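**Q** Mind having a look at this structure? Questions to follow.
Each value in this text was obtained by applying a stated rule to the coordinates, not by laboratory testing. None of these values were measured; they are calculated from a predicted model. Note that each Cβ is placed from the backbone with ideal geometry, even for glycine, and that neighbours are counted across all protein chains shown.
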Amino acid sequence: MLKAALFDLDGVVFDTEPQYTVFWGSQCRLYHPERPGLEHEIKGSTLTQIFDRWFAGPLEQERDAITKRLDDFEAQMTFNYVTGFEAFVNDLRRHNVKTAVVTSSNRAKMESVYRQRPELLDMMDAILTSEDFAHSKPHPDCYQRGAARFSVSPQECVVFEDSLNGLKSGRSADCLVVGLATTLPVDSIRELSDLQVSDYTGLSYDRLQDLLLLQ
């Protein structure tokens, strides 16, 4: 039986990826003008992963400045739900499915979210942030901990993700994985997910339960 739904945040709960493309586009043009389009290459990466790969060596000294700009940017972001998300969560909760956000975002970012969307705290039974994990995605740690928060097995959970690292994390945790094509094209996420959707329109508890029974 499906007992818990675990949602990534950006590109899954909120349609924020276009805004992050704007931010990282400005930083990539500033620090890596030799690599046009880098903001698209780093989609789905955590801040630590971006820093480790693209802001090491001489650029390491720029990390604090970039982090400050990112914090300021996130404080001004608009958090609009992915189409159908609210109705879908209500359907899950009517069927006694536990819900959680499992995100690589930190608590400071979430405070910006709560200021705009305080109702998210009522929609979710738990919210896990980067401070709660020992390892970053694609490691399965975050989704294993999400399942453990509700004392259920990963096989009783469905993970909603849009990035390659997130999809790999959900799959490695042995959860049912739904890929949202909000950040990457469907063909890019097909092999790492059990179902691919553009948003939550038409998605329901019954559909997921049927899919889970086929696993």
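**Q** Which ³J(HN,Hα) values, rounded to whole Hz and listed in residue order, are derived for region 161-168 from phi using the Karplus coefficients 6.51, -1.76 and 1.60 in 6.51 cos²θ - 1.76 cosθ + 1.60 with θ = phi - 60°, glycine and proline given as x?
**A** 9, 10, 9, 5, 5, x, 4, 4
**Q** What does a probe at R53 reach in region 170-204, counting residues whose amide N is under 15 Å from the point 7 Å along Cα→Cβ?
**A** Zone members listed by number: 184.
**Q** Could you work out how far helix 107-116 tilts from the main Cα principal axis of the chain, as a 0 to 90 degree angle to the nearest 10?
**A** 70 degrees
**Q** At q = 0.12, 0.20, 0.22, 0.25 Å⁻¹, what log₁₀ I(q)/I(0) does region 21-116 have when each alpha carbon counts as one equal point scatterer in the Debye sum?
**A** Per q value, in the given order, log10 I(q)/I(0) is -0.52, -1.09, -1.23, -1.43.
**Q** In the chain, which longest range has no GluC sites (Glu not before Pro) that are both DSSP loop (not H, G, I, E or B) and surrounded by at most 16 other Cβ atoms within 10 Å?
**A** Maximal segment without exposed cleavage sites: 120-215.
**Q** I've got another one for you. Just to be sure I follow the rule: in the chain, considering lysines 8 or more places apart or on different chains, how many pairs have Cα atoms under 20 Å apart?
**A** Within the chain, the lysine pair count is 8.
**Q** Could you give the length gained by full extension between E60 and S204, i.e. 0.36 nm per residue of separation minus their alpha carbon distance, to one decimal place?
**A** 47.3 nm
**Q** Viscosity 0.890 mPa s, temperature 25 °C: Stokes-Einstein D of the chain from its Kirkwood Cα radius, in µm² per second?
**A** It comes out at roughly 139 µm²/s.
**Q** Tell me, what is the FRET efficiency for L211 and V152 to the nearest 0.05, using R0 = 22 angstrom and their Cβ-Cβ distance as r?
**A** 0.80
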